[in-house]
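Worksheet for the structure shown next.
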Amino acid sequence: MAMQPQLAQLVATAQQEALAVTSRAELEAFKARVVGPNGSLTAVMKGMATLSKEERPVVGKLINEAKKSVEELLAALLLKVEDAEIAAALGTPWDATLTGPDAPAGSLHPLTRTRERILASFRKLGFTVAEGPEIETEWHCFDALNTPADHPARDMQDTLYLPKAFRSADAPRKGDEALVLRTHTSSVQVRTMLSRKPPFRIVAPGRCFRRDAVDATHSANFHQVEGLWIDRNVTLADLRGVLDFFVKETFGPDAEIRLRPSFFPFTEPSFEMDLRSPNLGRLSNRWLEIMGCGLVDPKVLELCGLDPNEFSGLAFGLGLERIAMLVHGIDDIRHFYNNDLRFLRQFA
Ligand code: DAH
């Protein structure tokens, strides 16, 4: 039948021409040349009218096959053109692993920066970083730090206790069965003395919790950095030297310190350390209390398995938020936790 080679030729030509189609306009023109009102396939279909009754079903089948091939060709071309359009819109070369333009890089939180700065100062003096759990036993948080059961620090008003359901019934020591959210990082002193052999110097940064009413200078959730140096013959001169170095590193060479007698159950003698610096804005040249410190109480050494006749130590604990507020002139502790980008971006 004469129709068959003609149709095969038509499809072959279309496939050949399709190779040159790269844009939507070329696709539309190509489509018109084949299946448009004056298209090549359309012309063949029109020719059906001149065929005899017998020829029609046979030729009709051939035409349908050719039509199907052409439709598949057009569908494939459309996909190719769309891909080209997307690639053009995205620009080439296109790397699918690139970060999107709407994902700007973040920066470290001011408390993280302050913590890293503080730790870096102490590393220069040979201190290493130690850590302990935020959920602590009452024994590690209080008893081992010579803080008796009737001490106000253990009061429900200050300390967040975990419900009885979370407590261990077969705790090895009295006090181990009760769990609290640690009220200070001093518990890491205890864990370090129990697990390491002196001499050592550690700083322990971490989150602490107290049932405080929130205001500009108080938060129920805050951070401390604890320090502990245990060796033979550690003295108050060492304490002063360490703290003076830290303060000058953090606040500049003109910063001075003052140790004011105080009381903590776990140090003897105990001090509040005050800081005075000429470059603290409206807080310049005034004594500001920034940490507690002292020589480790012999009773604490004993409770933590160290011989107080052989070893002595110094300890200190500071509030991270307080330091960050002084360094950056921040007037409200709540800024640290609100995740307000207008505040956070100032430290980027
Ligand atoms: N743990 C004390 C507090 O949270 C701070 C402190 C005072 C830590 C004296 C010490 C220290 O290591 O020697 O208020």
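In table form, for the structure just shown:
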read-out	value
Convex hull of the chain built on C-alpha atoms - directionally averaged projected area, nm²	33.1
Accessible area of Asp150 in the full protein assembly, 1.4 Å probe (Å², nearest 10)	130
Backbone HN-Hα couplings from phi across region 164-178 [Karplus 6.51/-1.76/1.60, Hz, Gly and Pro as x]	3, 4, 8, 8, 8, 7, 10, 5, x, 10, 5, x, 6, 6, 8
Average accessible surface area per residue within region 110-347, 1.4 Å rolling probe, Å²	48
Packing rank of 19-26, 249-256, where each peptide gets the mean count of other beta carbons within 10 Å, highest leading	249-256, 19-26
Relative contact order of the chain, defined on C-alpha pairs under 8 angstrom at six or more residues apart (%)	15
3J(HN,Hα) from dihedral phi, region 329-336, Karplus parametrisation 6.51/-1.76/1.60, rounded to Hz, x for glycine, proline	x, 8, 9, 9, 4, 5, 4, 5
Cα-based Rg of region 140-232 normalised by 2.2 N^0.38 Å, two decimals	1.18
Value of [θ]222 nm, deg cm²/dmol, for the chain, DSSP H segments ≥ 4, -39500 (n - 2.57) each, nearest 500	-12000 deg cm²/dmol
Euclidean distance between Cα centres, region 95-111 to region 275-302, Å	39
In order through region 16-28: 3J(HN,Hα) via Karplus (6.51 cos²θ - 1.76 cosθ + 1.60), integer Hz, x for Gly, Pro	5, 5, 4, 4, 8, 7, 10, 10, 5, 5, 5, 5, 4
Value in Å of the Kirkwood radius, where region 1-140 supplies the Cα pairs that are averaged	21.8
Alpha-carbon centroid distance for the pair region 174-228 / region 1-75, whole angstrom	83
GNM flexibility winner over the chain from Pro133, Pro261, Pro101 (Cα, springs under 10 Å)	Pro101
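The values are calculated or read from the model by the stated rules, or taken from the named source; none is laboratory data. Bear in mind the structure is a predicted one, so any value in this text is a computation, not a measurement. Neighbour counts run over all protein chains shown; Cβ positions are idealised from the backbone, glycine included. In case anyone asks, the SASA skips ligands and DNA or RNA and just uses the protein heavy atoms, side chains included. Shrake-Rupley method; radii C 1.70, N 1.55, O 1.52, S 1.80 Å.
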